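Below is one structure, written out as structure tokens; comments come after it.
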Amino acid sequence: MKIALVVLGAPDSGLCHFRAQGFAKALETGSVALQRVFFYGEGVLAAASNNSECMSAWSAIAAMQGCDLVLCSASAETHNVLSPPDAFTIMGLGALMEAGHDCDRIVSFD
């Protein structure tokens with residue numbers, strides 16, 4: 001089974017990223033593959049330079065799981081996250097639609 005995650009909340013606005021990261025780490029032990037994590041809205045702030053702890057945690061998850069970390073291009077522009085670290089890529093909403101097509105489930109965190 002393939003799963004994609006959608007992260008909507010900012011790293012400093014609650015437990016959104018903490019819960020999403022915990023969910024992603026739990027997938028490592030099962031037969032479920034994490035295909036993509038799509039950051040939308042304030043979620044793109046995970047790749048901002050002032051959120052290095054969150055950014056490092058997501059980068060480690062991507063390295064362990066082999067998944068894509070995708071920032072919504074419009075959200076990245078709105079929140080001025082235009083030069084993300086290497087683990088993250090900037091793509092449009094088509095990347096979320098592609099994940100919906102390719103994955104069995106999409107789980108969102110806000």
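The values are calculated or read from the model by the stated rules, or taken from the named source; none is laboratory data. None of these values were measured; they are calculated from a predicted model. Neighbour counts are summed over all protein chains in view; Cβ atoms, including those assigned to glycine, are modelled from backbone coordinates with ideal geometry.
Below is a table of values for the structure above.
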| read-out | value |
| --- | --- |
| Segment 19-39, residues that are polar (S, T, N, Q) and at pLDDT 95 or above | Q21, Q35 |
| Candidates E77, E53, E42, filtered to the one that is in a helix (DSSP H, G or I), among the charged types (D, E, K, R) and under 13 Å from the mean Cα position of the chain (by Cα) | E42 |
| Positions within segment 61-99 being surrounded by 14 or more Cβ atoms within 10 Å (Cβ to Cβ) and of a type in the set (G, A, S), in sequence order | A62, S73, A74, S75, A76, A87, A95, A99 |
| Residues that are out of contact with any Phe, Trp or Tyr (no Cβ under 7 Å at 6 or more places or on another chain), of a type in the set (A, V, I, L, M, F, W, C) and surrounded by 13 or more Cβ atoms within 10 Å (Cβ to Cβ), drawn from segment 1-18 | I3, A10, F18 |
| Pair list, Cβ under 9 Å, 6 or more apart: segment 81-104 residue within 10 Å of V70 (Cβ to Cβ), other residue loosely packed, with under 13 Cβ neighbours inside 10 Å | I90/L82 |
| Residue that is surrounded by the most Cβ atoms within 10 Å (Cβ to Cβ) [pool: residues in segment 29-39 that are in contact with a strand residue (DSSP E or B) (Cβ under 8 Å, 6 or more places away or on another chain) and either among the charged types (D, E, K, R) or in a loop (DSSP other than H, G, I, E, B) (or both)] | R36 |
| In segment 6-24, the residues that are in contact with a strand residue (DSSP E or B) (Cβ under 6 Å, 6 or more places away or on another chain) and either closer than 13 Å to A57 by Cβ or charged (D, E, K, R) (or both) | V7, C16, R19, A20, A24 |
| Failed item in (1) closer than 11 Å to A4 by Cα; (2) in a loop (DSSP other than H, G, I, E, B), with S83 passing the rest | (1) |
| Selected residue (criterion: modelled with the lowest pLDDT) from residues of segment 40-60 that are surrounded by fewer than 23 Cβ atoms within 10 Å (Cβ to Cβ), in contact with a helix residue (DSSP H, G or I) (Cβ under 9 Å, 6 or more places away or on another chain) and under 19 Å from T78 (Cβ atoms) | S49 |
| Segment 86-110: number of residues that are farther than 14 Å from M55 by Cα and either part of a helix (DSSP H, G or I) or among the polar types (S, T, N, Q) (or both) | 10 |
